[in-house]
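As structure tokens, the structure follows; a few thoughts come after it.
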Amino acid sequence: MKAARLWALTGSIGLGVSFLAAAGSAAAATHPSGRVTMSGTLVPAAERAHPAGTVSAKSTVSFQLSLKLRNAAGAKAFAIAVSTPRSKQFHHYLTDAQWVAKYGPTRTEVSAAERWLRSEGITVGSVAKDRLFISAHGSASKVEKAFGVQLGMFKVTGHTLRLAKSALSIPRSMAGTITGAVGVSQAVESTSLSSTAAAATAAPKDSEPGPPAGFANPEPCSNYWGQKTDTADSPSLYAPYTSPQSYDICGYKPGQMRSAYGLGRSVRRGNNGHGITVAIVDAYDSPTLLQDAQHYFRLNDPAHPLRTSQFTNVAPSTVDQVAVCGGNGWYPEQALDVESVHTMAPGAHIEYVGAVDCFDNNLLAAVNTAVTSGASVVSDSWGDTLGDIFEGAAAENAFDTVFALADGTGVSVLYSRGDDGDNFADFGIDAPTTRRPAR
């Protein structure tokens with residue numbers, strides 16, 4: 001996770017190991033009015049301890065409405081069986097259509113949820129092709145009415161967030177259909193790096209931000225740690241460490257990376273990922289992503305060029321929140337992801353899926369697109385800055401249903417492990433830097 005994303009508060013991304021724990025029950029309590037509380041939709045009281053104003057009634061709130069699986073227990077059991085050696089179902093994966101037909105929400109349930117949203121004055125966007133959720137947006141006042149909550153602004157360790165003041169609720173008639181809404185509680189301010197934020201705000205609305213400033217390690221630098229040491233500078237520069245120290249590593253070339261992981265011989269023999277598609281998910285979409293990667297391999301690994309036929313770009317329909325998310329701060333990570341995949345599997349096809357922004361509701365949509373794209377592997381080198389603090393079990397469950405689909409259809413979903421430790425220095429909260437585990 002790069003700094004531009006580390007600083008962007010993106011809501012809750014839960015642990016995949018708990019998937020579907022809440023999928024069977026949306027209700028925690030029934031209101032006298034006949035409404036039902038959706039469990040896991042209230043953020044902790046400590047995060048609502050410092051009110052910072054009201055939410056404009058006319059401001060737009062975008063969210064994903066999560067729908068209940070028809071057989072969550074069966075989906076979980078199948079995911080375990082299909083992944084367990086010696087099971088009769090081991091590696092007997094379903095197609096996307098078979099999984100949805102067996103476990104996913106029905107078309108009738110989708111239609112009922114759409115009708116309810118429209119009856120509340122909410123604009124219905126796209127429906128995921130696996131029917132796991134519905135994209136929607138509406139004014140804050142309409143969203144408050146639909147979910148029976150008040151939204152407020154709160155300060156959390158210096159950051160301003162939009163949070164629901166109580167748990168979300170829905171009409172009792174929808175309790176068997178809807179499990180949650182991802183994005184109602186959301187960060188609206190960030191300490192994204194000022195340079196990337198400034199570049200992002202300079203771009204026209206709904207357009208991809210311009211390129212970020214370039215970066216290169218200064219010379220001299222080493223091809224490996226300890227090759228060249230700094231004997232020219234004062235030892236005081238390295239205090240409390242001893243001097244001399246090695247200059248930074250210039251960067252490893254693709255051949256060195258394959259050698260380090262013992263893949264050089266396999267790739268030379270043709271075991272190079274041919275016939276496999278690897279999907280990459282990040283926010284936004286650098287307009288020069290393919291050209292940059294092709295230039296990189298011409299310079300550093302000409303024996304393994306990245307051909308245009310090996311790359312598919314699934315661009316976001318629009319972009320949003322570029323200043324909050326440090327929009328072009330994602331571009332170097334996109335390039336790194338594409339170049340890393342082609343380095344290790346130079347015969348594979350790469351599919352890049354860009355999310356509308358860095359918030360959970362749109363990253364959820366991008367991950368779902370990648371999982372159902374026909375890819376064998378989905379790579380996500382992004383994570384959540386403050387763990388499960390801001391959206392809780394409802395958002396966790398929404399991601400977990402997508403992972404259940406991946407489990408059942410034989411798609412590996414990989415996330416960066418991260419080495420950032422907790423976030424106390426940045427946010428004053430003892431919360432780990434959450435990464436979704438490999439599945």
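The values are calculated or read from the model by the stated rules, or taken from the named source; none is laboratory data. Predicted model, so just to flag it, every value in this text is computed and none were measured. No Cβ is skipped: glycine too gets one built from the backbone with ideal geometry, and neighbour counts run over all protein chains shown.
Candidates are the residues of segment 234-268 that are polar (S, T, N, Q) and not in a helix (DSSP H, G or I); the one that is nearest to Asn300 (Cα to Cα) is Ser246.
Residues that are in a strand (DSSP E or B) and either touching a His at 6+ places or on another chain (Cβ under 9 Å) or aliphatic (A, V, I, L, M) (or both) were ranked within segment 270-291; the one that is farthest from Val377 (Cα to Cα) is Ala283. For segment 290-304, the count of residues that are in contact with a helix residue (DSSP H, G or I) (Cβ under 8 Å, 6 or more places away or on another chain), touching a residue at least 60 places away in the same chain (Cβ under 8 Å) and closer than 26 Å to Gly374 by Cβ is zero. Scanning segment 143-165 for residues being out of contact with any Ser or Thr (no Cβ under 8 Å at 6 or more places or on another chain), surrounded by fewer than 19 Cβ atoms within 10 Å (Cβ to Cβ) and in contact (Cβ under 8 Å) with a residue 60 or more places away in the chain gives a total of 4.
Scanning segment 338-365 for residues that are surrounded by 24 or more Cβ atoms within 10 Å (Cβ to Cβ), part of a helix (DSSP H, G or I) and modelled with pLDDT of 95 or more returns Val338, His342, Thr343. When we screen Phe63, Phe78, Phe19 for residues that are surrounded by 13 or more Cβ atoms within 10 Å (Cβ to Cβ), closer than 30 Å to Val324 by Cα, modelled with pLDDT of 90 or more and of a type in the set (Phe, Trp, Tyr), the only hit is Phe63.
Scanning segment 260-282 for residues that are in contact (Cβ under 8 Å) with a residue 24 or more places away in the chain and charged (D, E, K, R) yields one hit, Asp282. Among the candidates His159, His92, the residue that is within 26 Å of Ala404 (Cα to Cα) and out of contact with any Gly (no Cβ under 7 Å at 6 or more places or on another chain) is uniquely His92.
Anything in segment 142-173 that is β-branched (Val, Ile, Thr) and under 25 Å from the mean Cα position of the chain (by Cα)? List them, or say none. If the condition is that a residue be β-branched (Val, Ile, Thr) and under 25 Å from the mean Cα position of the chain (by Cα), then Val143, Val156, Thr157, Thr160 are the ones that fit. Checking Asp388, Asp430 one by one, the residue that is farther than 30 Å from Glu208 by Cβ, part of a loop (DSSP other than H, G, I, E, B), modelled with pLDDT under 90 and in contact with a Gly (Cβ under 6 Å, 6 or more places away or on another chain) is Asp388 and no other.
Could you check how many residues of segment 112-141 are under 30 Å from Val55 (Cα atoms) and within 27 Å of the chain's Cα centre (by Cα)?
Of the residues in that region, 19 qualify.
Against the list (1) in contact with a helix residue (DSSP H, G or I) (Cβ under 9 Å, 6 or more places away or on another chain); (2) closer than 20 Å to Glu47 by Cα; (3) among the small types (Gly, Ala, Ser), the condition Ser166 fails is (1).
Taking the conditions exactly as written (hydrophobic (A, V, I, L, M, F, W, C), at pLDDT below 90, part of a helix (DSSP H, G or I) and surrounded by fewer than 17 Cβ atoms within 10 Å (Cβ to Cβ)), does Ala198 satisfy them or not? Yes, satisfied.
Scanning segment 88-113 for residues that are basic (Lys, Arg) and closer than 13 Å to Gly74 by Cβ yields a count of 1. The set of residues in segment 250-292 being hydrophobic (A, V, I, L, M, F, W, C), within 15 Å of His342 (Cα to Cα) and out of contact with any Asp or Glu (no Cβ under 9 Å at 6 or more places or on another chain) consists of Met257, Leu263, Val267, Ile276, Leu289, Leu290. Scan segment 292-311 for residues that are basic (Lys, Arg) and either surrounded by 17 or more Cβ atoms within 10 Å (Cβ to Cβ) or not in a helix (DSSP H, G or I) (or both) and jot them down. Residue satisfying the conditions is Arg307 alone.
Strands (runs of 3 or more DSSP E) fully within segment 82-180 that include at least 1 residues being closer than 20 Å to Val36 by Cβ: 133-139, 151-156, 159-164, 169-171. Only a single criterion out of (1) in contact with a Phe, Trp or Tyr (Cβ under 6 Å, 6 or more places away or on another chain); (2) free of Cβ contacts under 8 Å to residues at least 24 places away in the same chain is not satisfied by Ser286, namely (2).
Within segment 28-57, being at pLDDT below 85 and touching a helix residue (DSSP H, G or I) at 6+ places or on another chain (Cβ under 8 Å) holds for Thr30, Ser39, Gly40, Thr41.
Inspect all residues belonging to segment 126-138 and state whether any of them is over 26 Å from Val100 (Cα atoms), of a type in the set (Ser, Thr, Tyr) and either at pLDDT below 95 or surrounded by 21 or more Cβ atoms within 10 Å (Cβ to Cβ) (or both). No, because not a single residue in segment 126-138 is over 26 Å from Val100 (Cα atoms), of a type in the set (Ser, Thr, Tyr) and either at pLDDT below 95 or surrounded by 21 or more Cβ atoms within 10 Å (Cβ to Cβ) (or both). All conditions but one from (1) at pLDDT below 90; (2) of a type in the set (A, V, I, L, M); (3) in a strand (DSSP E or B) apply to Ile13; the one that does not is (3).
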